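Okay, structure first, notes after.
The values are calculated or read from the model by the stated rules, or taken from the named source; none is laboratory data. None of these values were measured; they are calculated from a predicted model. Here the Cβ is made from the backbone with ideal geometry for all residues, glycine too, and neighbour counts use every protein chain on show.
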Amino acid sequence: MRRISEQVMLPAYDRNSWRLYTDGLSAAVFDIETTGLSSSRDALILGGVLNAGEPGSLRQYLASSRREEPELLAAYMEDLSAADIWISYNGDTFDRPFLAQRLFKNGMGSALPLHQSVDLYRLFRRYSPMARMLPDLKQTTVEEALGLADHRRDVITGRESAALYADYVRTEDPDLERRILLHNHDDLLMLSRLIRVLDKMDLHRIMFRRGFMTGWENRRALAEKITLGKNFVRLEGHTRNVEGDYDIFSDAFHWSHRKDDGSFSLTIHCIYEKNATFVDLESFDVDFGPLTVYPCFINGYLLLHDGRTAYCREINHLAKLVLQKLLSRC
């Protein structure tokens, strides 16, 4: 198996909304190449990871034959597991399930490590009005629409890359290897630029609907489901590096955690009056200083829903600060 590493200089994606959900966490762009689309029959042949920072570190793992798939999987998953946030293009439908199945087929378990998935294809398709204006949503089509096409040197498709790999295994031709690596390499670089599609989306609403990761030191909590009721906000998800069973009740919240499967539930108690939902921040032993800059903060109370609109930014930020405090005490 070959390992290729390169330092790349790319401007980091830096928006206030993005920082709210990523500060203190590590993010990586990832992309895989396979011999085909069937995760039960085909194999992983190449995995690429690009740290979403400045400067970035781009790493690729290439199998010289299908026999090296277990070695590739072990090295690639060790690398990818270091990231809290996995950024992909169609990764929820293809890359992540494919990795899980290949791990299972090779007797390496099937559970992917706890992480937050940011699938740019899925977000663009569901939340961007621009998606309806394009002939298709292939990655290269979106790149061209955003004026990024000139940055790509690779000219082959994923299907062509798989065909080239079959020839490469037989001939060990270095030019074929270069073309296969370049396809994956450019996909990673372009994905790091495609993050800007989030500029035209309501990221706070997306995170409210899809959940987000929160961290404290080496502990992580992934809120996978967020529910806003008339007099509560409830988060459900899983944790990493949190030991012990917890059932903590207070006037402000209820926190439940099970160490056997890492599942958690956090219910934040709210006040419901005159069709509005708000929370008394002074009832918490939490530093809510960052929330005081929001227009929805009034005299120690934070408005979450005014009877018509749910304030997703405020809900998410409130939940994140409470979760961080709980993680700090575990």
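List of remarks:
- Counted residues, region 255-277 - those being of a type outside the set (A, V, I, L, M), closer than 16 Å to Ala319 by Cβ and in a strand (DSSP E or B): 8
- Test: residue in region 34-46 that is farther than 23 Å from Leu182 by Cβ, in contact (Cβ under 8 Å) with a residue 60 or more places away in the chain and in a strand (DSSP E or B): no
- Single condition Thr267 does not satisfy, out of (1) free of Cβ contacts under 8 Å to residues at least 60 places away in the same chain; (2) surrounded by 15 or more Cβ atoms within 10 Å (Cβ to Cβ); (3) under 21 Å from Leu20 (Cβ atoms): (3)
- Search result, residues across region 151-195 that are in a helix (DSSP H, G or I), aliphatic (A, V, I, L, M), without any contact (Cβ under 8 Å) to a residue 40 or more places away in the chain and within 16 Å of Thr35 (Cα to Cα): Ala163, Leu164, Leu176
- Residue in region 11-21 that is loosely packed, with under 12 Cβ neighbours inside 10 Å, in contact (Cβ under 8 Å) with a residue 40 or more places away in the chain, part of a strand (DSSP E or B) and under 23 Å from the mean Cα position of the chain (by Cα) present: no
- Scanning region 131-149 for residues that are more than 22 Å from the chain's Cα centre (by Cα), part of a loop (DSSP other than H, G, I, E, B) and either modelled with pLDDT of 90 or more or among the charged types (D, E, K, R) (or both) yields a count of 3.
- When region 307-320 is filtered for residues that are of a type in the set (A, V, I, L, M, F, W, C), over 19 Å from the mean Cα position of the chain (by Cα) and crowded, with 19+ Cβ neighbours inside 10 Å, the ones remaining, listed by number, are Ile315, Leu318.
- Some residue of region 289-304 being outside any strand (DSSP E or B), farther than 29 Å from Arg15 by Cα and without any contact (Cβ under 8 Å) to a residue 12 or more places away in the chain: no
- Residue that is farthest from Thr227 (Cα to Cα) [pool: residues in region 243-264 that are out of contact with any helix residue (DSSP H, G or I) (no Cβ under 7 Å at 6 or more places or on another chain) and buried (at least 18 other Cβ atoms within 10 Å of the Cβ)]: Gly262
- Among the residues of region 210-246, those identified as more than 14 Å from His317 (Cα to Cα), in contact with a strand residue (DSSP E or B) (Cβ under 8 Å, 6 or more places away or on another chain) and of a type in the set (D, E, K, R) are Arg219, Arg220, Glu224, Lys225, Lys230, Glu236, Arg240, Asp245.
- Residue check for Arg66: within 16 Å of the chain's Cα centre (by Cα), surrounded by fewer than 17 Cβ atoms within 10 Å (Cβ to Cβ) and of a type in the set (D, E, K, R): no
- Where strands (runs of 3 or more DSSP E) fall wholly inside region 203-247, the ranges with 1 or more residues that are among the acidic types (Asp, Glu) are 219-228, 232-240.
- Which numbered condition Phe30 misses (of (1) more than 29 Å from Thr214 (Cβ to Cβ); (2) surrounded by 15 or more Cβ atoms within 10 Å (Cβ to Cβ)): (1)
- Within region 150-173, tally of residues that are surrounded by fewer than 16 Cβ atoms within 10 Å (Cβ to Cβ) and hydroxyl-bearing (Ser, Thr, Tyr): 2
Matching residues to (1) part of a helix (DSSP H, G or I); (2) in contact with a strand residue (DSSP E or B) (Cβ under 9 Å, 6 or more places away or on another chain); (3) touching a residue at least 24 places away in the same chain (Cβ under 8 Å):
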position	(1), (2), (3)
Ser57	no, yes, yes
Arg67	yes, no, no
Trp86	no, yes, yes
Leu99	yes, yes, yes
Met108	no, no, yes
